[in-house]
Amino acid sequence: MKFSSIRLASAALAVSAALAATAVSAQNLRYAHVGSEGDIQHWFAAQTADRLPDATDGDVTVTVFPNSQLGGVQETIDGVRSGAISMAHHEFASLAQLVEDIAVFNAPFVYRDGEHALKATDPRTSPVLQEFNEQLIESGNMRIIGRLFRGARQMTAKMPVYSPADLEGEPFRGVPLQLWTTMIKGFGAIPTPVEVSELPTALMTGMVVGQENPLTMINANKLYEVQSHVMLTGHMQNVLPVFINEDVWQSISEENREAILTSLDELAYETLATAQQAEQDLVGTLTEKGMTFITGDDGLELDAFREGVVAQVNEDFPSWAPYIEQIAAIE
């Protein structure tokens, strides 16, 4: 073989080796969630897929699987735990099967507002989130690396409600989970578990007199057709954790991990701004559709609701007290 041919062959081998090294270093993350493609959940995941390649100079790419394409909540949790799914997001309460008290981040009235909710769930600065992350790594082989904000949950009813006394003896819909049973009891009502698919019928027939959800859901599900009043209680700030398989996380360079954390934090605050704007817009939209809004200026006794719910949470979840105290102390 001539010298020039040898040089060309060596150069070709070098290029091939470089390409192979790039292929090995580039990592694709399979990101699953159960939200629909029209939900802010999917916007967050899609933006993650758009931004992480730029943030990591192409080292990390993301493929999103929305709408339970890789399975429901349980399959998603199991998938991230095993590594079959790289990362996902869902409610904190869904991770309680791995770390029981982590559901405290879903507790009603635990946050002052949406910004406080994001600060309390910041994986880089929140001591209480970092404590739970250590437990999650040990018991679930995963960690929380971000969060997204879906909005505040508000109360609706077929009549005006100003205080827990107005709900005494009334059946009120709750999500079929213990935390919601606790909350509805704290509202002063009779907890009545109803699946979301059955909610409009339950409200129309009078099986329950009211329910609670973000304004986006109230509008999308046309609950204004079966409910007349919205009480702006803001009792839950709905924050969803973004979690990743620990082995996958450790396989990413420290520099890229930092870039990912920064990108997800920026996205979290964008979801907060989006949700707050949507809520403002929906007050007008739902008013036009016939709903009456009740706030503190109208006589809504928010402190009475808070006191009742907090007392019930303390009774039913006594182990949460130190965590709630830590969350409250976050500025």
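Here are the numbers for the structure shown:
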item	result
Gyration tensor (alpha-carbon) shape descriptor, segment 23-74, a/c threshold 1.5	oblate
Selected from 167, 177, 286 as most flexible by GNM, with the chain as the system and alpha-carbon contacts under 10 Å	177
Length gained when the stretch residue 165-residue 50 is fully extended (0.36 nm per residue, less Cα-Cα span)	36.5 nm
Helix 178-187 vs. the chain, principal-axis angle (Cα, 0 to 90°, nearest 10)	30 degrees
Per-residue ³J(HN,Hα) for segment 259-270, Karplus 6.51 cos²θ - 1.76 cosθ + 1.60, θ = phi - 60°, Hz, x for Gly and Pro	5, 5, 4, 5, 4, 5, 5, 4, 5, 4, 6, 5
Partner aspartates and glutamates for residue 158 [C-alpha distance under 15 Å; skip if fewer than 8 residues away on the same chain]	166, 168, 170, 212, 225
Residue-averaged [θ]222 nm for the chain, counting only DSSP H segments that reach four residues, each worth -39500 (n - 2.57)	-15000 deg cm²/dmol
Cα gyration tensor, segment 222-321 - rounded (a/c under 1.5), prolate or oblate	oblate
Listed residues 151, 169, 186, most fluctuating in the chain (Gaussian network, C-alpha, under 10 Å)	169
Longest DSSP-loop-exposure-free segment, trypsin sites (Lys or Arg not before Pro), the chain, at most 14 other Cβ within 10 Å	3-123
For volume of the Cα convex hull per residue in Å³, calculated from these coordinates, the label among [x] 152; [y] 144; [z] 132	[y]
Inter-label distance for residue 314 and residue 204, nm, one decimal - labels placed 7 Å from Cα along Cα-to-Cβ	4.3 nm
Förster radius 56 Å - calculated FRET efficiency between residue 255 and residue 225, Cβ distance, rounded to 0.05	0.60
Sites residue 280 and residue 135 - FRET efficiency at Förster radius 35 Å, r taken between beta-carbons, to 0.05	0.40
Charged-residue dipole, Cβ positions (Lys, Arg, Asp, Glu), segment 205-331 about Cα centre, Debye nearest 20	560 debye
Angle between the chain longest axis and helix 302-316 axis [Cα atoms, degrees, rounded to 10]	70 degrees
Pairwise label distance in nanometres, residue 113 with residue 100, each label 7 Å out on the Cα-Cβ vector	3.6 nm
Among 122, 113, 298: highest mean-square fluctuation, GNM of the chain, C-alpha pairs under 10 Å	298
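Coordinate-derived values only; no laboratory data. All values reported here derive from a predicted model rather than from experimental measurement. FYI the Cβ positions are ideal-geometry reconstructions off the backbone, even for glycines, and counts take in every protein chain you see.
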